[in-house]
């Protein structure tokens, strides 16, 4: 217990310190225009940095924000794509993601590693003497690699020792990023808790509100007969009027007394998935609304809310009236207020919360195991945030494991045991698929004999499926047998119908070549500047394999 308490309060110690304001410079030589803010609510995680727009193009120079050395390089098809980490002597690390390519000696270092390991995806940890950099050195060029929705630079700060992710605005970027716009409140939701009725509803209910002449918001009166909570759907416009960015800080007051608050100064990576408890996950799943709850039903180790002495729930007493006031801030101090009057009022519920009880009650803090028809579901402790009745059934060889309206924090193990009626060849091509309507989605599947299992953090329907279809290679960008003179790259498109791409390898005249894979465009690209080609005829071979080891080989030739 002592360890847990120490962990919860460490972030408040870290975030109260003074950060260097003039040590770091901008990583770009253009005015900084944000498409994403720190702490912004994303799918299953809080955004860990700032996203800088790059005018819709790639190839802008990326500068080292300060003196230091490149301590880590990671090249991946997903996530940050091509990413460079610089460790600085003052205790901080800066991260630059979604890069098009590195610059000079850094790019050569990466290429050497890729050719040595014969892999596009590599990860390197470097010594301080290997690739030192000075402030304003060009280290790379902006791109759109990895899980990027368009050309931009992802930029973040970390505490080098603790690896806490820190808000870049604290390092002097507030002075060079303009923001004169106030946050906007888009929705207010009241949550009846326990057996409470709020505005004649036992279910969460949207509350009407209006903008006042002074720019603040005032809601209609909430009538409640007991324990309840409030949530808000809000965002901030920062440098432009197009991108809806996340909030920096929210404070809630009950009758003038600070009641609940949170702020995005920093957080730890292993906390990020708690976003699914921080916001109303079910409402987001069903309606696409990111409602931030200003209360918590149970303690959970998310540092941004750990300092609250109260859980944020409001206990509306008979004969009482309350004023609930919410202050919403961006980092530049722009603020908007919302006032919500609340009174005790007892009324019969016209909107009733009917809980569908099943034989499978999950206690979130306990481990659970459910079995039926040779299918087993193992749920570890704290895999869920709250207790609930699980919809569990196995019928017609399909496992129904509730639905995706309930968030899962830890991996659940699903096992199909003693599978019969399949040949060894069919077994080798079998996997556990997620069933989305008629669509089958691949899950990484582990096989032991005739038993198959997966680890998943998504509920839904599952079944055994087979993949015997090899990947497809198409859209070759040269004509076989022709001379390639001015062309800088050779490329092909690749897709797989069922189990997704696992490996891809290319060879020219028998030598392995580097193929860069972009899952968004489905393209493999080889840069001819790698100088693997020879004058005259060059024989090309590309081998692509899916996750069930179905393989396709493409062979052709060209001249240089």
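A few comments on the model shown:
- Positions within the stretch 218-230 being in a strand (DSSP E or B) and surrounded by fewer than 22 Cβ atoms within 10 Å (Cβ to Cβ), in sequence order: 218, 219, 223, 227
- When 233, 245, 255 are screened for being on the phi > 0 side of the Ramachandran plot and modelled with pLDDT of 95 or more, only 255 passes.
Condition check ((1) under 25 Å from residue 176 (Cβ atoms); (2) modelled with pLDDT of 95 or more) across all residues:
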| position | (1), (2) |
| --- | --- |
| 34 | yes, yes |
| 54 | yes, yes |
| 72 | no, yes |
| 149 | yes, no |
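- Scanning the stretch 427-473 for residues that are more than 24 Å from the chain's Cα centre (by Cα), more than 22 Å from residue 392 (Cβ to Cβ) and assigned to a strand (DSSP E or B) yields 430, 447, 448, 466, 472, 473.
- Hey, residue 540 outside the structural domain of residue 108 (by TED's automatic domain parsing) and either assigned to a strand (DSSP E or B) or surrounded by 17 or more Cβ atoms within 10 Å (Cβ to Cβ) (or both) or not: yes
- Condition check for residue 21: modelled with pLDDT of 95 or more, loosely packed, with under 14 Cβ neighbours inside 10 Å and assigned to a loop (DSSP other than H, G, I, E, B): yes
- Any hit, the stretch 412-420, residues being surrounded by 17 or more Cβ atoms within 10 Å (Cβ to Cβ) and touching a residue at least 60 places away in the same chain (Cβ under 8 Å): no
- Residues of the stretch 176-215 classified as assigned to a loop (DSSP other than H, G, I, E, B) and either under 30 Å from residue 52 (Cα atoms) or modelled with pLDDT under 95 (or both), total: 11
- Taken as a whole, the stretch 545-559 holds no residue that is under 20 Å from residue 115 (Cβ atoms) and either at pLDDT below 95 or surrounded by fewer than 15 Cβ atoms within 10 Å (Cβ to Cβ) (or both).
- Residues that are surrounded by 18 or more Cβ atoms within 10 Å (Cβ to Cβ) and under 30 Å from residue 388 (Cα atoms), drawn from the stretch 161-192: 188, 189, 190, 191, 192
- If the condition is being within 22 Å of residue 341 (Cα to Cα) and part of a loop (DSSP other than H, G, I, E, B), then the stretch 238-274 contributes 255, 256.
- Residue match in the stretch 509-519 (condition: free of Cβ contacts under 8 Å to residues at least 60 places away in the same chain and surrounded by 18 or more Cβ atoms within 10 Å (Cβ to Cβ)): yes
- Of residues in the stretch 377-397 being over 29 Å from the mean Cα position of the chain (by Cα) and surrounded by fewer than 19 Cβ atoms within 10 Å (Cβ to Cβ), the one farthest from residue 438 (Cα to Cα): 393
The values are calculated or read from the model by the stated rules, or taken from the named source; none is laboratory data. Since we're looking at a predicted model, the values are computed, not measured. Glycine gets a Cβ as well: all are built from the backbone with ideal geometry, and neighbour counts include every protein chain shown.
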